[in-house]
Every structure is written in structure tokens, then in C-alpha cells.
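Enquirer: The structure under discussion is supplied below as C-alpha cells; questions concerning it will follow.
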Amino acid sequence: MKFIVCSLGLLGVAAAGTAFAQPVLPSEVAFDEYGAVSASLTGKAGDAASGEVVVVERGQGNCLACHRITALDEFPFHGEVGPPLDGAGSRWSEAELRGLVADAKMTFEGTIMPSFYKNSGYVRPGDGYTGDAAKGELEPILGAQDVENVVAFLMTLKDE
Amino acid sequence: MTASLYGAVLLAALAAGAAYADEDADLVVNGEIEMTVRAPAPDHVEGLSEIMSGWLFRSDETQAVQMDDFDNPGMIFVDAGRETFNAEIGADGESCASCHEGPETLADVRPTYPKWDPERETVQTVEMQVNECVTERMNLPEWKYTGDDMVNMTALLASAARGKPVDVAIDGPAQSTWEQGKEMYYTRYGQLELSCANCHEDNYGNNIRADHLSQGQINGFPTYRLKNAKLNAVQSRFKGCIRDTRAETFSPGSAEFVALELYVASRGNGLSVEGPSVRN
């Protein structure tokens with residue numbers, strides 16, 4: 001509900017119509033000065049269950065590589081490179097989480113956390129995990145809807 | 001039922017394995033070769049105060065395999081290397097042993113390479129030096145950089161130097177190569193934008209998913225990995241680590257990897273040569 005109100009409000013300002021048809025391009029994501037992104041990248045609500053899969057899967061977000069998430073204890077091996085994400089949905093707003101997932105470097109300058117919705121500015125980008133050079137235009141690591149789904153999942157991580 | 005029970009027990013065991021990495025252990029091989037597995041960081045390594053062998057970050061079980069040559073599968077490849085060393089394979093029937101009495105006479109090689117070669121005016125790795133003898137002194141086609149003959153020979157040369165401190169020179173004519181390697185070490189490669197330092201300097205001792213991060217030292221190379229059940233060359237490891245950042249990697253034997261090897265080796269100056277070591 002809140003989601004719809006919020007994106008409608010934005011659409012009033014931005015060019016209406018196009019946002020629903022096409023996801024926001026990685027180069028056109030609007031970060032505010034703290035790194036938050038208020039508008040949905042797709043105009044479609046995120047799905048937390050799909051987001052959980054992205055968070056767990058090694059070939060997708062693989063957030064567990066670096067973060068511990070108690071709610072996902074059934075999946076083995078949580079990393080320690082970043083802080084635990086328990087309570088992230090209480091600590092951060094949806095817009096802040098969208099900014100963190102899209103490009104955490106806009107929130108934490110120089111952070112080790114990868115930028116998941118970005119497709120330029122890399123040193124020797126590869127063709128996935130093959131070790132070969134990337135071919136053609138790069139895709140961001142996660143699609144726009146994946147980002148929305150991950151944000152929806154993170155919003156479920158509330159303080160006890 | 002049984003299957004899932006087994007799964008749970010196995011996972012618990014694996015998790016315990018990671019948790020029990022004993023970073024305070026001491027390494028003595030065969031009850032006689034005392035290894036220096038931690039040492040004060042050399043002055044040229046700004047990001048670390050202490051340097052630590054990768055052995056310290058492995059589970060108790062993996063640590064134990066390296067403590068006895070009868071258990072260490074890497075030693076089989078040392079024997080294969082010794083056979084090649086003595087075999088009369090050269091175009092005129094020369095063996096390595098015709099010119100180098102035995103591997104022991106080459107015990108200073110592993111600790112001091114990569115090293116500036118004044119005649120070729122370049123920094124040479126052990127592999128490049130061996131290939132110089134193979135092609136110019138035995139008139140054979142060059143050995144593949146990370147092929148079996150080469151990796152076995154580097155294992156033999158490492159084993160002849162076990163326990164000696166790594167001591168590569170970084171100044172003089174090697175300095176610009178060293179600087180190049182240092183720059184690479186801090187470059188955030190690939191779509192994940194991760195540098196060697198992000199994992200091996202900022203996060204050693206932490207888990208990244210199922211992997212317990214070490215300092216990425218190379219004093220233990222070549223390493224026998226339980227994961228792929230073979231001996232692994234140092235530059236194959238570099239290649240894998242860069243590939244895992246979703247980057248276009250470099251080739252073993254490339255000028256870039258030679259520079260990186262010199263730099264990474266220098267970060268371990270003071271640790272003992274351990275090769276062939278055992279890793280997971």
C-alpha cells in the first residue's frame with residue numbers, strides 16, 4: 001500500500017508512464033545525497049520470497065557470502081565480511097535499502113560490498129565467472145526486479 | 001530420515017572444522033623441520049602487522065596432513081619431480097643432474113625467486129628459470145607453465161628449501177616490477193570490484209561463505225588441494241582468485257602475474273618455505 005502511494009507520488013514529478021513500462025537503467029538510478037533511492041526500479045512491488053532466493057544463491061546475490069542472517073539459518077555457511085543483517089528492515093528505510101542493494105558505495109564510500117545494479121566503471125570486467133573478457137554490453141549483477149525483491153526480503157528482517 | 005540426519009551431522013562437522021582452525025598452532029614437519037608460520041610483517045607491507053602462513057587458517061585435520069610427509073600427498077609429486085631431475089631427457093642426453101648435482105644445491109632458489117636476472121634484464125620466476133634450462137641448455141620444447149612437469153619440478157625445488165625463510169629482493173632493478181605487482185594487489189578487479197587486499201588483508205580470519213580467509217601468502221606453493229586432489233601452481237591460484245571477482249583474469253606466465261608473484265612473495269618475507277603444502 002505504502003509502496004503504491006510512494007511511487008505514484010514520484011511519478012507525478014518524473015515522466016509518468018515510462019517507469020512502469022521499462023525498468024530504470026543502471027546509469028539512471030536516482031541516489032539522494034545519502035545513497036538512498038526512493039523510487040522503485042520497476043514500478044512493481046518486490047516479492048520477499050523471490051528475494052530470499054537471490055540472497056542465498058551463490059550465482060545471484062550471494063549476500064550470505066558476507067552477511068549473517070539468522071532467519072536463513074537453514075542454509076549453511078554465513079560469512080563474516082559484512083555486519084549481520086538481522087534487523088536491517090528496522091534499521092533502514094525501504095529507500096535506503098534499495099540504495100544499498102543497488103550500489104552500496106553511494107552509502108558507504110569505498111565499501112567492500114559489490115554494487116549489484118551497475119554496469120560500467122569496472123576494471124577488467126569478465127564474462128560471468130569464466131575468467132574471459134566480458135562480451136558486449138554488461139548486465140548488472142542483479143536485474144531491476146531482483147533488486148526490488150531483495151529489498152522486500154530485507155524489509156522482513158525486523159528487530160525482535 | 002537417515003539421509004537428512006546424516007546431512008545435519010555432516011554440516012555440523014564441517015562447520016566445526018571451520019571453527020576449529022587453530023591460528024595459534026605451531027608447524028613442525030616430520031618432527032624435525034620447524035616452520036616459521038607467523039612473523040613480524042616486513043616494513044614494506046603497510047596493511048599488516050603480522051604475517052601468517054595459510055596453514056594456520058586450515059582445519060585441524062588439514063593442518064595435520066601437512067605435518068608428516070607420509071600423509072602429505074604433495075610429496076608424491078616431489079618424487080616425480082626428482083625422477084625428472086635425474087632423467088636424461090635433454091636433446092644430447094643431459095639431465096638436470098648433469099649440471100646441478102642435486103636439488104639440494106638449488107636450495108636457495110625457492111626462497112629468493114622471483115628474482116632479477118641481469119642477463120635477461122627481467123624478473124624471473126622459478127618456472128621461467130627452469131624453462132631457460134629446458135629450452136636453452138637441454139634443447140627441449142618449453143614446459144607448459146602450469147603443466148605437470150613444471151609443477152612437479154617446482155615442488156621438488158620447494159621441498160629442497162623447506163624451512164628456509166622467504167627472502168625476495170624488492171629493490172634495485174626489481175623495484176618497478178614490484179611496484180606494478182603492488183598496484184595490482186590493491187586494484188579492485190571485475191564486476192565484484194574486489195582487490196586481493198579486500199579479502200586477504202582486510203578480512204583474513206573471517207569466513208566468506210564457506211571459506212576461511214587467509215592472508216593469501218605463497219610460501220606454501222605449490223599447494224596440494226584436497227578440493228581438486230592435485231598440486232596447484234601459484235599463478236593458477238592467482239588466476240582463480242581474479243576469476244572469482246567476475247573479472248577477465250591474466251594468464252599464468254604473463255608479465256602481470258610475474259609482477260604480482262614478486263609482490264605477494266615479498267609480503268611473506270620471513271615466513272618459511274613450506275611447499276608442497278596442503279590446503280583444502
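Enquirer: Test each condition in (1) farther than 21 Å from A:Leu157 by Cβ; (2) surrounded by fewer than 20 Cβ atoms within 10 Å (Cβ to Cβ) for A:Ala71 and report the one that comes out false.
Expert: (1) is the only condition that A:Ala71 fails.
Enquirer: Could you check how many residues of the stretch B:222-250 are farther than 15 Å from B:Cys196 by Cα, open to solvent by 20 Å² or more (accessible area, probe 1.4 Å) and touching a residue at least 60 places away in the same chain (Cβ under 8 Å)?
Expert: Residues of the stretch B:222-250 that are farther than 15 Å from B:Cys196 by Cα, as a first pass: B:222-233.
Subset that is open to solvent by 20 Å² or more (accessible area, probe 1.4 Å): B:224-230.
Remaining after also requiring touching a residue at least 60 places away in the same chain (Cβ under 8 Å): B:224, B:226, B:229.
Going through the stretch B:222-250 one residue at a time, the tally reaches 3.
Enquirer: I need a count of the residues in the stretch B:200-221 that are open to solvent by 30 Å² or more (accessible area, probe 1.4 Å), more than 8 Å from chain A (Cβ to nearest Cβ) and either farther than 18 Å from B:Arg38 by Cβ or free of Cβ contacts under 8 Å to residues at least 60 places away in the same chain (or both).
Expert: Looking only at that region, the number is 2.
Enquirer: Still on this structure: Looking at (1) in contact (Cβ under 8 Å) with a residue 40 or more places away in the chain; (2) closer than 21 Å to A:Arg58 by Cα, which is the one condition that is false for B:Ala197?
Expert: Checking B:Ala197 against (1) in contact (Cβ under 8 Å) with a residue 40 or more places away in the chain; (2) closer than 21 Å to A:Arg58 by Cα, the one that fails is (2).
Enquirer: Same structure again: Name, by its number, the condition in (1) at negative phi; (2) of a type outside the set (Gly, Ala, Ser); (3) within 14 Å of chain A (Cβ to nearest Cβ) that does not hold for B:Glu179.
Expert: (3)
Enquirer: Same structure, new question: Only residues that are within 22 Å of A:Trp92 (Cα to Cα) and either in contact with a strand residue (DSSP E or B) (Cβ under 8 Å, 6 or more places away or on another chain) or among the aliphatic types (A, V, I, L, M) (or both): list them for the stretch A:117-159, please.
Expert: A:Leu142, A:Ala144, A:Val147, A:Val150, A:Val151, A:Ala152, A:Leu154, A:Met155, A:Leu157
Enquirer: Select, from A:Gly82, A:Gly136, A:Gly121, the only residue that is at pLDDT below 95 and surrounded by fewer than 20 Cβ atoms within 10 Å (Cβ to Cβ). Spell out how you get there, then give the answer.
Expert: On the way: A:Gly82 fails: at pLDDT below 95; A:Gly121 fails: at pLDDT below 95.
Exactly one of A:Gly82, A:Gly136, A:Gly121 is at pLDDT below 95 and surrounded by fewer than 20 Cβ atoms within 10 Å (Cβ to Cβ), namely A:Gly136.
Enquirer: Determine the pairs where a residue that is more than 11 Å from B:Met35 (Cα to Cα) and modelled with pLDDT of 95 or more, located within the stretch B:266-280, has a partner that is open to solvent by 10 Å² or more (accessible area, probe 1.4 Å) and acidic (Asp, Glu) with Cβ atoms under 6 Å apart, the partner being 6 or more residues away or on another chain.
Expert: B:Asn269/B:Asp167
Enquirer: Filtering the stretch A:141-160 down to residues that are open to solvent by less than 20 Å² (accessible area, probe 1.4 Å) and under 22 Å from A:Val81 (Cα atoms), which residue is nearest to the other protein chains (Cβ to nearest Cβ)? It would help to see each step written out before you state the result.
Expert: The first filter runs over the stretch A:141-160 and keeps only residues open to solvent by less than 20 Å² (accessible area, probe 1.4 Å), leaving A:142, A:144, A:147-151, A:153-154, A:157.
Among the residues that remain, those that are also under 22 Å from A:Val81 (Cα atoms) are: A:142, A:147, A:150-151, A:153-154, A:157.
Numbers: A:Leu142: 11, A:Val147: 15, A:Val150: 16, A:Val151: 20, A:Phe153: 18, A:Leu154: 19, A:Leu157: 19 Å.
Checking each candidate, the answer is A:Leu142.
Enquirer: Tell me the residue from B:Asp211, B:Asp149 that is out of contact with any Lys or Arg (no Cβ under 6 Å at 6 or more places or on another chain) and under 26 Å from B:Asp69 (Cβ atoms), please. Explain how you work it out, then say what you get.
Expert: On the way: B:Asp211 fails: under 26 Å from B:Asp69 (Cβ atoms).
Residue meeting the stated conditions: B:Asp149.
The values are calculated or read from the model by the stated rules, or taken from the named source; none is laboratory data. The structure presented is a predicted model; accordingly, all values stated were derived computationally and were not measured. A quick note on method: Cβ atoms are made from the backbone with ideal geometry, for glycine too, and the neighbour counts reach across all protein chains shown. We work out accessible area using only protein heavy atoms, side chains counted, and drop any ligands, DNA or RNA first. Shrake-Rupley method; radii C 1.70, N 1.55, O 1.52, S 1.80 Å.
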